[in-house]
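Student: Would you mind keeping the following structure in view while I ask a few things?
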Amino acid sequence: MPSIYKVLGQVAPNANTVSNVYTVPAATQAVVSTIIVTNRNSNANATYRIAVQPAGAALANQHYIAFDATVTSLDSAALSLGLSLGNTDVLSVSSANANISFSVFGVEIT
């Protein structure tokens with residue numbers, strides 16, 4: 001099974017909007033090694049949420065792996081997780097303002 005190490009996704013969602021940052025392709029598995037959450041706002045801290053939706057299920061409370069966590073202004077939070085994802089699983093994110101960027105790094109296994 002070939003492994004491809006890569007940037008799995010990057011997104012800067014609108015405030016209070018859930019965005020899919022990465023969906024595992026069909027016939028593929030993935031391991032998310034690191035998620036970087038960056039607050040580009042120089043004036044305020046911000047909260048963010050991260051969820052894993054198995055097989056693209058509708059977002060539900062049990063899917064959250066971070067809920068209203070805080071990242072300070074002009075700072076980043078590096079989450080080293082090792083999340084194992086199956087085909088069609090979805091990693092989704094949201095934030096309280098539009099100044100948050102999410103970058104997801106890992107490996108796809110086909």
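The values are calculated or read from the model by the stated rules, or taken from the named source; none is laboratory data. Remember, it's a predicted structure, so these values are computed and weren't measured experimentally. Note that each Cβ is placed from the backbone with ideal geometry, even for glycine, and that neighbours are counted across all protein chains shown.
Student: In this structure, does VAL7 turn out to be assigned to a strand (DSSP E or B), crowded, with 16+ Cβ neighbours inside 10 Å and touching a residue at least 24 places away in the same chain (Cβ under 8 Å)? It would help to see each step written out before you state the result.
Tutor: Details: assigned to a strand (DSSP E or B): yes; crowded, with 16+ Cβ neighbours inside 10 Å: no; touching a residue at least 24 places away in the same chain (Cβ under 8 Å): yes.
No, not satisfied.
Student: Can you tell me which residue within segment 18-43, out of those that are hydroxyl-bearing (Ser, Thr, Tyr) and either within 13 Å of the chain's Cα centre (by Cα) or part of a strand (DSSP E or B) (or both), is surrounded by the most Cβ atoms within 10 Å (Cβ to Cβ)?
Tutor: Checking each candidate, the answer is TYR22.
Student: Something else about it: Of all residues in segment 72-110 being over 21 Å from ARG40 (Cβ atoms) and touching a helix residue (DSSP H, G or I) at 6+ places or on another chain (Cβ under 9 Å), which is surrounded by the most Cβ atoms within 10 Å (Cβ to Cβ)? Before the answer, list the steps.
Tutor: Residues of segment 72-110 over 21 Å from ARG40 (Cβ atoms): 80-90, 106-110.
Narrowing further to those that are touching a helix residue (DSSP H, G or I) at 6+ places or on another chain (Cβ under 9 Å): 85-90.
Numbers: LEU85: 23, GLY86: 11, ASN87: 15, THR88: 16, ASP89: 21, VAL90: 19.
Only one residue tops the list, namely LEU85.
Student: Among the residues of segment 66-79, is there at least one that is over 20 Å from VAL7 (Cα atoms) and under 11 Å from the mean Cα position of the chain (by Cα)?
Tutor: Yes; the residues of segment 66-79 include at least one that is over 20 Å from VAL7 (Cα atoms) and under 11 Å from the mean Cα position of the chain (by Cα).
Student: From the list GLN10, GLN53, which one is polar (S, T, N, Q) and touching a helix residue (DSSP H, G or I) at 6+ places or on another chain (Cβ under 7 Å)? Show your work before the answer.
Tutor: Numbers: GLN10 fails: touching a helix residue (DSSP H, G or I) at 6+ places or on another chain (Cβ under 7 Å).
One residue alone meets the criteria, GLN53.
Student: For segment 53-110, which positions are in a strand (DSSP E or B), of a type outside the set (A, V, I, L, M, F, W, C) and modelled with pLDDT under 95?
Tutor: We begin by selecting, within segment 53-110, every residue in a strand (DSSP E or B); these are 53, 64-71, 76-85, 90-95, 100-109.
Next cut, of a type outside the set (A, V, I, L, M, F, W, C) only: 53, 64, 68, 70, 76, 80, 82, 84, 92, 94-95, 101, 103, 106, 108.
The answer is GLY82, and nothing else.
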